[in-house]
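A short worksheet on the structure shown next.
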Amino acid sequence: MMAWDNFHFYYSDHYEVKLDPNHRFPMNKYSMLRNSLIEKGIVKNSQITAAQLINIDHLYLAHTPDYIEQVLDLSLSREKARAIGLPLNEEMVRRALGSQGAFWQAVTSSLGTGFSASLAGGTHHAHADSGEGFCFFNDFAVNVRRLHRERPGYKILILDLDVHQGNGNSSILNKDKDVFIASYHGKNNYPYRKVPSHLDRSFADGTGDEEYLRTLGEDLSNFSKMGFQHLLYQAGVDSLKGDAFGKLSMSHEGLKERDRMVFEFVKRNQIPLTMALGGGYSKDVTQTVNAYIGTYEVAKEVFS
């Protein structure tokens, strides 16, 4: 039986990175979320743990040696570094390794308790030999392969509800056995050259709650018949109306209903869920943080 106070969450914003105030990536959203969850009493301070850096050896499960070494020694070409969209320096790389560690700690925790999350992560645009879209290394791919190394035949569903298609997830994992990637994303949004997932649901600009939730609900019913043993959830909130990079028109209440459907799905099917934060880029960062908070409010309602 699940009990909210037994769940643990992992953060990596203690690996500090200072971006230019005009940088388009809202790095401050992570600490804002962590502090808000505690201040609002959604989680206790004792439930939130600082992430450890990932063991570098585990990155080789999903990434090429050359790429890993070029990131670690800061020798990526200017073109490859530009595609990532974040500064290539020691602080940023350390933060990326901390985020990877947070997701694995959450995966491990969820195996015991049924639910856990990283208060960052969801780096689904990183490919085996390159990064892009604010992603250095792919936490989904690394952890799917770690799980399969430890649990051969373990059936994993990656449910990617970030508004941007997880091209890195697909490019790395689309030929792996026992993993199914379902992506729900904007049709006319980045990445403009998408890599096919096992299931791709593309939404037109301006799509709102009704169509999105109807589509997701139908698919979740089908997923219940497929025998999955673990759900890795990309819970991005960049489909929120007004998101700077989103183009969809979901409401805060629509996002909460989306999350409720996902949480009820794992509860009904009695499988563990590990959640990554995913994207969120509203011009007013508090809108993004409030949407993330909504996800945790719904999780507490469903799992308490």
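The values are calculated or read from the model by the stated rules, or taken from the named source; none is laboratory data. All values derive from a computational prediction rather than experimental measurement. With ideal geometry, Cβ positions are generated from the backbone for all residues, glycine too; neighbour counts draw on all protein chains shown.
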Pairs returned, first residue in the range 216-235 that is over 20 Å from Asn169 (Cβ atoms), second residue that is in a loop (DSSP other than H, G, I, E, B) and at pLDDT 95 or above, beta-carbon separation under 9 angstrom, 6 or more apart or interchain, are Gly227/Lys155
Could you please let me know if Asn143 is in contact (Cβ under 8 Å) with a residue 12 or more places away in the chain, surrounded by 15 or more Cβ atoms within 10 Å (Cβ to Cβ) and in a helix (DSSP H, G or I)? yes
When Ser31 is evaluated against the numbered criteria (1) touching a helix residue (DSSP H, G or I) at 6+ places or on another chain (Cβ under 6 Å); (2) in a helix (DSSP H, G or I); (3) of a type in the set (S, T, N, Q), which criterion, by number, is the only one it fails? (1)
Going through (1) more than 28 Å from Val298 (Cβ to Cβ); (2) in contact with a Phe, Trp or Tyr (Cβ under 7 Å, 6 or more places away or on another chain) one by one, Asp243 fails only at (1)
Residue ID - nearest to Arg24 (Cα to Cα), chosen from residues in the range 43-82 that are part of a helix (DSSP H, G or I) and among the aliphatic types (A, V, I, L, M): Ala81
Of all residues in the range 113-136 being among the hydrophobic types (A, V, I, L, M, F, W, C) and surrounded by fewer than 24 Cβ atoms within 10 Å (Cβ to Cβ), the one that is farthest from Ile42 (Cα to Cα): Ala128
Identify the single condition in (1) closer than 22 Å to His125 by Cα; (2) surrounded by fewer than 14 Cβ atoms within 10 Å (Cβ to Cβ); (3) charged (D, E, K, R) that Lys40 does not satisfy, given that it satisfies every other one. (1)
Residue among Pro26, Pro87 that alone is under 18 Å from the mean Cα position of the chain (by Cα), touching a residue at least 12 places away in the same chain (Cβ under 8 Å) and not in a helix (DSSP H, G or I): Pro26
Which of the residues belonging to the range 1-17 are among the small types (Gly, Ala, Ser) and in contact with a Lys or Arg (Cβ under 9 Å, 6 or more places away or on another chain)? Ser12
Over the range 253-275, the set of residues part of a helix (DSSP H, G or I), of a type outside the set (A, V, I, L, M, F, W, C) and touching a residue at least 60 places away in the same chain (Cβ under 8 Å) is Arg258, Lys267
Return the residue satisfying two criteria in turn: it lies in the range 276-304 and is among the small types (Gly, Ala, Ser) and in a helix (DSSP H, G or I), and of such residues it is surrounded by the fewest Cβ atoms within 10 Å (Cβ to Cβ). Gly294
Which one is nearest to Asn89 (Cα to Cα) among residues in the range 1-23 that are outside any helix (DSSP H, G or I) and among the aromatic types (Phe, Trp, Tyr)? Tyr15
Looking only at the range 174-193, count every residue that is within 19 Å of Tyr233 (Cβ to Cβ) and in contact (Cβ under 8 Å) with a residue 60 or more places away in the chain and tell me the total. 1
Scanning the range 26-51 for residues that are polar (S, T, N, Q) and touching a Phe, Trp or Tyr at 6+ places or on another chain (Cβ under 9 Å), the one nearest to Glu91 (Cα to Cα) turns out to be Ser31
In the range 179-208, the residues that are crowded, with 20+ Cβ neighbours inside 10 Å, of a type outside the set (Val, Ile, Thr) and either under 17 Å from the mean Cα position of the chain (by Cα) or not in a strand (DSSP E or B) (or both): Ala182, Ser183, Tyr184, His185, Gly186, Asn189, Ser197
Selection status of Phe103, in contact with a helix residue (DSSP H, G or I) (Cβ under 8 Å, 6 or more places away or on another chain) and not in a loop (DSSP other than H, G, I, E, B): yes
